[in-house]
Amino acid sequence: MFTKLASEIEFDDIVEFCQEWGEGVRVEYKSEIAHIPKIISSFANTQGGVLIVGVETDKNSRAKPDIQGIPNEGGIREQIEQSATDGIYPAIIPEVIMCDVPGERDRVVVVVRVEESQQAPHAIQNATRVYVRTGSVTPPYELAEIDRIEYMLKRREEPRRMNRRILDRIEERVRVNSYRSQLERPNMAICAHPVFPYRPIIAPPEIYEYMVQHPLIPSTARNIDLSTKRVTGGTFHVEKGDWLCFWELNEHGIIYCREGLHRKPMPNNYLPRDDDNRGEEYLSADEIASKIYGFLGIAENFFTKCEYSGNVEMIVRLAQVSGEKLLFSSDLQPAAVERRQSAESEILASTRCLPRKIRTAEGFSRVLIALLDQLFWVFNVADNEWKWRDWWREYVTDRIGK
C-alpha cells in the first residue's frame, strides 16, 4: 500500500493491508472523514504514511475485519484535497485513491497517501500547531517539540537556497541578453515560484513546447530579433529591440518576467491645463496594473499545466524609479501627481497564495490589489485615491466570472 501504483490498488489489497498493519507512525484508520489537516500534516512531518477511511478499529487500534467503507456521495476526493490545502501551511496535496466495496452499492474505501515532505514543518490551526507521528497508538500524533521543529526548519532552507541560485542565474541572463540602456530606464520584474521548490514539477521539453504554443510576449513588442533559447532546466524569450522584454520558465515552477515601463506624457484631457507640466513624462499606474494582471493569468495557466497546487509566492520589483512620478488615468489635478513621487530606486512587493485561489475573481483580485497596494504606497498614493480598486475588481469579475 505504501508503494503500489494507485491504478493497481484493489479492495483485496486494502483488506490484506488492514490485516497486517495496525495504527502507528505510518498508518491510521478512520470510519469517516475527520481530522484531515492534523493527520496529513503529521504524516508529512514524520515519515509519510497512509490514512484509510471507511475502516473501524478495535480497542487495540487494529482494523476490524468487516470493512464497511463510507457512502460515495460524490466530492470525496475534492473534500479531502481542499481540507489539506486550506487547513495546512505549507499546503499539501495528498494522493487520494477510492475503491468500491464489493457487494455494497455506492460505498467506497478511501486511501490517502502522504509522502514525507521536504517542505516540513507543516502547521495547522492558522499555522500555530505542528504535529508529528508517534510510536504510540493513543494518540498516534502529538505536538512537535521545539528541537524537532528547528530541525525541520533547517532542512527547509535548502529549497530556499536553490530558489535563490536559480533566480540569480535568471537575473544574470537578463543582464547579458539586454542592452545597458534598457536596464537604466524604469523597468519591472515579476516572479512567481513555489515557496519551497524542492523538486522539478515539469520537464524542460514541455516548457519549450509551452512557450512556443502559448506566446508570452505581447505582439506589439515583437519587432526585432525575437529569440527563444534553452538553458539548464528551462527556456527563455528575449526581445533585443528598443524595449526590454524578457521571460523565463524553469522546471522548478519558477516564472520570471522583466519588462520596461513606458514614460507617458501628460494627457490632453488633463485639467486644469498647467504649462509647467506640458513637457513632463510620468509612469502609468494603469500599465503597471495591466502587466501584473497579465502575469497572474499566465502563472495560473502554467501551474495548472504543471498540476502544481502548493503555496506560491508572487514578487514584483520596480527598478530605476527614483524620482519618477505616477499618473492615474483618472487624474484631474496636477498637485496629486506632483505628490506621487518615489524616493526609492527599487520598490518590492510580495504576497503568497494557492494557484487554485487565483482561478476565482475574488482570489485573483485579492492578489492583484495586495501587490499594487504595496507598490503604490511608496509613490505616496493615499487610500482615498485608490478609487479604481473597485474598477479592477469589476474588470476581473467580468473576465474570470464569479
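The values are calculated or read from the model by the stated rules, or taken from the named source; none is laboratory data. Everything quoted here is computed from the prediction, not taken from an experiment. Neighbour counts are summed over all protein chains in view; Cβ atoms, including those assigned to glycine, are modelled from backbone coordinates with ideal geometry.
Checking the stretch 313-326 against the condition returns no match, with no residue being in a helix (DSSP H, G or I) and either more than 28 Å from Ala203 (Cα to Cα) or in contact (Cβ under 8 Å) with a residue 12 or more places away in the chain (or both). Any idea which of (1) outside any helix (DSSP H, G or I); (2) under 24 Å from the mean Cα position of the chain (by Cα); (3) hydroxyl-bearing (Ser, Thr, Tyr) is the one Ser330 doesn't satisfy? Condition (2) is where Ser330 drops out. The one condition from (1) in a loop (DSSP other than H, G, I, E, B); (2) closer than 24 Å to Gly22 by Cβ that Pro121 does not meet is (2). You will find that of Ser365, Ser350, the residue that is outside any helix (DSSP H, G or I) and under 19 Å from the mean Cα position of the chain (by Cα) is Ser350 and no other. When the test is whether a residue is within 25 Å of Leu167 (Cβ to Cβ) and of a type outside the set (A, V, I, L, M, F, W, C), Thr397 does not pass it.
Among the candidates Val96, Val15, Val110, Val55, single out the residue that is under 30 Å from Thr128 (Cβ atoms), of a type outside the set (S, T, N, Q) and in contact (Cβ under 8 Å) with a residue 24 or more places away in the chain.
Val110
All conditions in (1) crowded, with 16+ Cβ neighbours inside 10 Å; (2) within 30 Å of Asp147 (Cα to Cα); (3) not β-branched (Val, Ile, Thr) hold for Gln47, with the sole exception of (1). Residue count for the stretch 45-98, restricted to those that are over 17 Å from the mean Cα position of the chain (by Cα), over 23 Å from Ser7 (Cβ atoms) and either in a loop (DSSP other than H, G, I, E, B) or acidic (Asp, Glu) (or both): 14.
Just wondering, is there one or more residues in the stretch 120-141 that are crowded, with 17+ Cβ neighbours inside 10 Å, of a type in the set (S, T, N, Q) and either closer than 28 Å to Ser41 by Cβ or over 23 Å from the mean Cα position of the chain (by Cα) (or both)? So far as the stretch 120-141 goes, no, none of its residues is crowded, with 17+ Cβ neighbours inside 10 Å, of a type in the set (S, T, N, Q) and either closer than 28 Å to Ser41 by Cβ or over 23 Å from the mean Cα position of the chain (by Cα) (or both).
Looking across the stretch 311-335, the residues that are within 30 Å of Glu251 (Cα to Cα) and crowded, with 21+ Cβ neighbours inside 10 Å come down to Val312, Met314, Val316, Leu318. Got at least one residue in the stretch 136-146 being out of contact with any strand residue (DSSP E or B) (no Cβ under 6 Å at 6 or more places or on another chain) and at pLDDT 90 or above? Scanning the stretch 136-146, I find no residue that is out of contact with any strand residue (DSSP E or B) (no Cβ under 6 Å at 6 or more places or on another chain) and at pLDDT 90 or above, so the answer is no.
Taking the stretch 212-268 as the range and being part of a loop (DSSP other than H, G, I, E, B), at pLDDT 80 or above, under 21 Å from Asn187 (Cβ atoms) and over 22 Å from the mean Cα position of the chain (by Cα) as the test, the residues that pass are Trp243, Leu244, Leu261, His262. Residue selection: Arg359 satisfies the criterion of being within 30 Å of Ile202 (Cβ to Cβ), outside the structural domain of Pro121 (by TED's automatic domain parsing) and in contact with an Asp or Glu (Cβ under 7 Å, 6 or more places away or on another chain). Can you tell me which residue within the stretch 36-77, out of those that are touching a strand residue (DSSP E or B) at 6+ places or on another chain (Cβ under 8 Å) and of a type in the set (D, E, K, R), is nearest to Cys99 (Cα to Cα)? Only one residue tops the list, namely Arg77.
Residue by residue through the stretch 178-205, note down the ones that are over 20 Å from Leu348 (Cβ atoms), touching a residue at least 40 places away in the same chain (Cβ under 8 Å) and of a type in the set (D, E, K, R). Across the stretch 178-205, the qualifying residue is only Arg199. The residues of the stretch 375-395 that are surrounded by 17 or more Cβ atoms within 10 Å (Cβ to Cβ) and more than 19 Å from Ser284 (Cβ to Cβ) amount to a single one, Arg393. Would you call Ile170 surrounded by 13 or more Cβ atoms within 10 Å (Cβ to Cβ), in contact with a Gly (Cβ under 9 Å, 6 or more places away or on another chain) and at pLDDT 85 or above? So Ile170 fits the description; yes.
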